[in-house]
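Derivation of every value follows stated rules applied to the coordinates shown; laboratory data play no part. The model shown is predicted, which means the values in this text are computed figures rather than measured ones. Virtual Cβ from ideal backbone geometry, glycine too; neighbours counted across all protein chains shown.
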Amino acid sequence: MARIGVFVCWCGSNIAGTVDVKKVAEEAAKIPGVVEAVDYKYMCSDPGQNTLRKMIKEKNLTGVVLAACSPHMHENTFRKAAVKEGLNPYFIEIANIREQVSWVHEDKEKATGKAIDLLKMMVEKVKKNKPIEDVRVPLTKKALVIGGGISGIQAALDIANGGVEVILVEKEPSIGGKMIQLDETFPTLDCSSCIMTPKMVEVYQHPNIKLYTYSELEEVSGYIGNFNVKIKKKARSIVEKDCTGCGDCWNICPMHKNVKSEFNVNLSERTAIYVPFPQAVPLIPVIDRSVCLHFKKGGKCQKCYDACGPKCINFDLQDEIIEEKVGAIVAATGYDLMENSLYGEYGYGKFKDVISGLQFERLLSASGPTEGVVKRPSDGKTPETIVFIQCVGSRDPEKGVPYCSKVCCMYTAKHAKLFAHKVHGSQSYVFYIDIRATSKGYEEFVRGTMENEGAIYLRGRVSKIYEDNGKLIVKGADTLSGNQVEIAADMVVLATGVIPKKGSDKMAQMLGISYDKYGFYTESHPKLRPAESSTAGIYLAGMAQGPRDIPESVVSGSAAASKILGLFSKSEYEVEGTIASVNKTTCVGCFYCKRVCAYSAISKEEIKDRNGNVLKVVANVNSGLCAGCGACVNACFSKSIDLKGYLDEQIFAEIKSLAV
Amino acid sequence: MEKMNDKLQNIAKKLLENKEVNLIIGFTKGSNPLRMRSVFITEPNDVSKLSFNAHCVQDLAVFLKKPEVKKFGKIGIVVKGCDEKAVNTLIQEYQLSRDNIKIIGVECRGVVKQNLADKGEDAVKQSTVYDKCLVCEVHTPLLYDELVESDEPAFEINGDIKPYAKIEELDAMSVEDRNMFWQKEFEKCIKCYACRQACPLCYCTRCIVEKNTPQWIETNIEETGNAQWNMIRAYHLSGRCIGCGECERACPVNIPLMLVNEKMARDVFEKFGYKSGIDINAKPVFGTFDANDFNEFIK
């Protein structure tokens, strides 16, 4: 026989102001099976919880219903209290009479009636409750980090320093990501490669980090604690362990004029066998087989092979598939820049001296194509006037993206500042919509560019750029003065908008995590769970989540790492027991459940007789993957799936309690 | 017709002799010359029983769900275009392996309504065939291993007869009137479940109506339970029903079930662009979760 205790919470005046809590308790006491019903000012307080515990003990309760706030708030509080008295935590039910009643209704009488109805439903439900045990999942204490940019590097180092093995996968031949391409970084102007390369080297040398560069994720299966991943290690054509990085091979390669350097954003050339930049980690070249003469001309050229001392070049190496088992994954796949060609009026691609912000970084950089001397791509002259255009693609729902790329205001101010430092007497003009400089030291930084370096900021957009007599004529509006302006510039730098890395949507699908309409990965909760993806065991970091600057990327890498170290600090992972279970007797194996499961938690299971003959194939729920959403329950025609804690019988009892 | 039957019998004989199948499900002549019935053939010598004509109304795919048939393993089945869509759906829903079924498709020109045939009607005309034949897009089955071509000409459709005309009529009604219409129809239901038994896609071994913990559908023959049963069955078939019309034909109290099924099929096509039974690899419309869905609630 059920022995139910009912507690009606006032929540101060939050509930009691609109709901007659005394009446709710009186009505609850009349429901068969309810042994006692009380009201109390704050059930979540210590004395409130003690009242609950006392009644469980003294009245020997088999179930508890609290009429209180949303279970999101205090379900756990009350469950823990119940456990202390030896009651299974899933015998606590909450009728939400705050968010669903007092906060949304005004008429006290009707609100009280609704509160009583909700309470009745829960009493009928709890009578049908069954004890539920939480699911324990074993953990493989090894992490996979996808992406070797600053956020991925930070995540990998933090996890590795926590004593956990890490596999870092990077698509390019070297780690470093976009940050290693930058010159000096705002707002402190520390040189990017000076602060980045030590971290890259630390990754390479770390005993807990296994680094796969020039490699891509091929396949992911499994679930939190137990992912199986396949990594495709693309053929580098170099026997890595023998290479000394001496450079004899790329110095002799005849293909040195035809291939644009990705690292220098097309501002210089590279060879067919190359390292992307001198500080590359690992300092091991790769042969770009799409341009190498050996591969294109049937093996005739092998100059690099002849020049190589340790003979570590092997043209026959093939792609390799490496299988690894990991317990957690960080997706730090980074970003790309939008296509500037979308803006024909700016003449990108048409005029050589209209360049992107990232290209300007390379022109400023001491390791760049001009060794840090600002020179125009067209004729190599040092420009005296540069026009910077912000929001190229960003905040432009018509042609670009509606969101703000967040870093452009700051890097443009930095560009103007560095330009003033490098070319004395030069002049910068910045066309902007708004200036967004909201982090520590940012506003002062932009002010400094305006006031100390004399950059002229014009609020407005550029309508047209054309070439005239070796100059770029920039026509635009200065909306603050209301004037049309025309500037004869030597160079134009476009602050191009940020978009997710190409293929991030495919990556998300492979990982089974959700992403927004732009392709940025979405967080499990935008505020309270910013490091977690929608899938347990997969964490997010860096620009792959959305525009952010270096400090934020570092923080997000560390956040993902701390989540993983926290996860791995236990011997097993506990999942709430409210998951789906299949009645294998009645299941006919149509697998609509499998089709609708967003978590890939349902697989096929063969039921066999003692001779091993397959009798039938039924659905099986993987308790580690199931999130308890109930989509499968809905999809099942024969009602062969039930959700623990929300059994059909419980729902039915709730509905029936309302029948008059 | 004789040519068709010869070809049909030859195919069947070959399949049985070569042990490509262990059983052939087909049509044979019944005691009433204008009624055809199902026949199950396991011996090559028996193939002469196989026959096909415009009275082969039954959707033989219904037998594929039965354990006593399944135990034969490899099965050959004679199907019209509409029935073949049921085979496709069974494969799509993992109830049948494509490797275990030999589809003997028969080109069909339409089948004569049985109530007319019972009065002696033998001609295939727009006034004598079922509504499904008037809207049929699969006179030649979509998928088959063997095909028996028809030697009959297609019948003429001049638009005098509007198939499923009642649907538009019902659509035009007020909600109350429409409810009244269906209430009256469902009132007749005696819960014999013939509709379910005749349906090739009602293959659950435990139907939802038989689930009694809790009892979602009332089993007594009263208004509520009758409506519950018929509506839930309609929902379970939406996006799945292939329109063979067997439920309506099996109904002993003449509930126009095809109006519901056809209306559902039209709605599914209009809203999701999906037609059932076309492609064995298609994702069923109500079993589709797509990460590309631009619905905020999914993300």
Task: Surface/4 of the Cα convex hull for chain B, nm² - done: 18.1 nm²
Task: Cα-Cα P(r), segment B:165-284, percent of pairs per 5 Å interval - done: 2, 11, 19, 23, 21, 14, 8, 2, 0
- [ ] Take the Cα coordinates of segment A:461-556, assign each an equal point scatterer, and use the Debye formula without solvent to give log10 I(q)/I(0) at q = 0.13, 0.20, 0.26 Å⁻¹.
- [x] -0.64, -0.89, -1.34
TODO: Quote the charge dipole size of segment B:165-284 about the Cα centre in Debye, to the nearest 20; the model charges only the Cβ of Lys and Arg (+1) and of Asp and Glu (-1).
DONE: 520 debye
Task: 18 Å reach of a label modelled at B:GLU149, 7 Å along Cα-to-Cβ, counting backbone N of segment B:86-129 - done: B:104-110
Task: Amide proton proximity set for A:TYR515, modelled H, under 5 Å, gap of 5+ - done: A:THR522
Task: Debye, to nearest 20: dipole size of segment A:336-499, +1 on Lys, Arg Cβ, -1 on Asp, Glu Cβ - done: 160 debye
TODO: Sort out for me the Cα centre separation of segment A:609-631 from segment A:571-603, rounded to whole Å.
DONE: 7 Å
Task: Relative packing of peptides A:528-539, A:328-339, A:449-460 - highest average C-beta neighbours within 10 Å first - done: A:328-339, A:528-539, A:449-460
- [ ] First measure r as the distance between the Cβ atoms of B:THR224 and B:GLU169, then evaluate 1/(1 + (r/R0)^6) with R0 = 25 Å and state the FRET efficiency to the nearest 0.05.
- [x] 0.45
Task: Amide H within-cut-off set for A:GLU467, under 5 Å, with H built and near neighbours excluded - done: A:ILE473
Open item on the list: Among A:483-490, B:99-106, A:383-390, how do they line up by average Cβ neighbours within 10 Å per residue, starting with the highest?
Closed with: A:383-390, B:99-106, A:483-490
Open item on the list: Using Cα-Cα distances under 8 Å and only pairs 6 or more residues apart, what relative contact order does chain B have, in percent?
Closed with: 17 percent
TODO: On a C-alpha basis, how far is the centre of segment B:20-76 from the centre of segment B:128-143 in Å? Whole number, if you could?
DONE: 20 Å
TODO: Treating the Cα atoms of the protein assembly as shown as identical point scatterers in vacuum, please give the log10 of the normalised Debye intensity I(q)/I(0) at q = 0.06, 0.07, 0.09, 0.10 Å⁻¹, two decimals.
DONE: -0.67, -0.87, -1.13, -1.19
Open item on the list: Through the Karplus equation 6.51 cos²θ - 1.76 cosθ + 1.60, θ set to phi - 60°, convert the phi angles of segment A:448-457 into ³J(HN,Hα) values in whole Hz; use x for Gly and Pro.
Closed with: x, 4, 6, 8, 8, 9, x, 5, 9, 9
Open item on the list: Can you give the FRET efficiency to the nearest 0.05 for B:GLU187 and B:GLU17, using r as the Cβ-Cβ distance and R₀ = 45 Å?
Closed with: 0.25
TODO: Give a residue-ordered list of calculated ³J(HN,Hα) values for segment A:205-218 (Karplus: 6.51 cos²θ - 1.76 cosθ + 1.60, θ = phi - 60°; whole Hz; x for Gly, Pro).
DONE: 8, 5, x, 8, 10, 9, 9, 10, 9, 6, 9, 9, 6, 9
Task: Inter-chain shielding of A:636-645 (mean C-beta neighbours from other protein chains, 10 Å cut-off) - done: 4
Task: Other protein chain Cβ atoms within 10 Å, averaged over every residue that makes up A:354-366 - done: 0
Task: Peptide ranges A:116-122, B:230-236 listed from the most packed, as the mean C-beta count within 10 angstrom indicates - done: A:116-122, B:230-236
Open item on the list: Please compute the average number of Cβ atoms from other chains found within 10 Å of each residue's Cβ in peptide B:233-243.
Closed with: 1
- [ ] Throw me the Rg/Rh for segment A:580-644, computed over C-alpha atoms with Kirkwood Rh, two decimals.
- [x] 0.98
Open item on the list: Let's test this: bin the Cα-Cα distances of segment A:240-307 at 10 Å from zero up to the farthest pair and state each bin's percent.
Closed with: 21, 54, 24, 1
Task: Of B:LYS162/B:LYS283; A:LYS30/A:LYS114; A:LYS57/A:LYS114, pairs whose Cα-Cα distance is over 24 Å - done: B:LYS162/B:LYS283; A:LYS57/A:LYS114
Task: HN-Hα J in Hz across segment A:175-180 - Karplus 6.51, -1.76, 1.60, θ = phi - 60°, x for Gly and Pro - done: 7, x, x, 6, 4, 5
Open item on the list: Can you list residues from other chains, or at least 5 along the same chain, whose modelled amide H is less than 5 Å from the amide H of A:ILE313?
Closed with: A:VAL239
- [ ] Compute the distance in nm between two label points, each set 7 Å from the Cα along the Cα-to-Cβ direction, one at A:LEU189 and one at B:GLN197.
- [x] 9.1 nm
Task: For segment A:580-644: relative contact order, % (alpha-carbon pairs under 8 angstrom, 6 or more apart) - done: 45 percent
TODO: Evaluate E = 1/(1 + (r/R0)^6) for A:THR382 and A:ALA488, where r is the Cβ-Cβ distance and R0 equals 22 Å; express this FRET efficiency to the nearest 0.05.
DONE: 0.90
Task: For segment A:343-459, diffusion coefficient by Stokes-Einstein and Kirkwood Rh (Cα), 37 °C, 0.692 mPa s, µm²/s - done: 220 µm²/s
Task: Two-site label geometry, A:LYS130 and A:GLU576: point separation in nm, points 7 Å out along Cα→Cβ - done: 1.9 nm
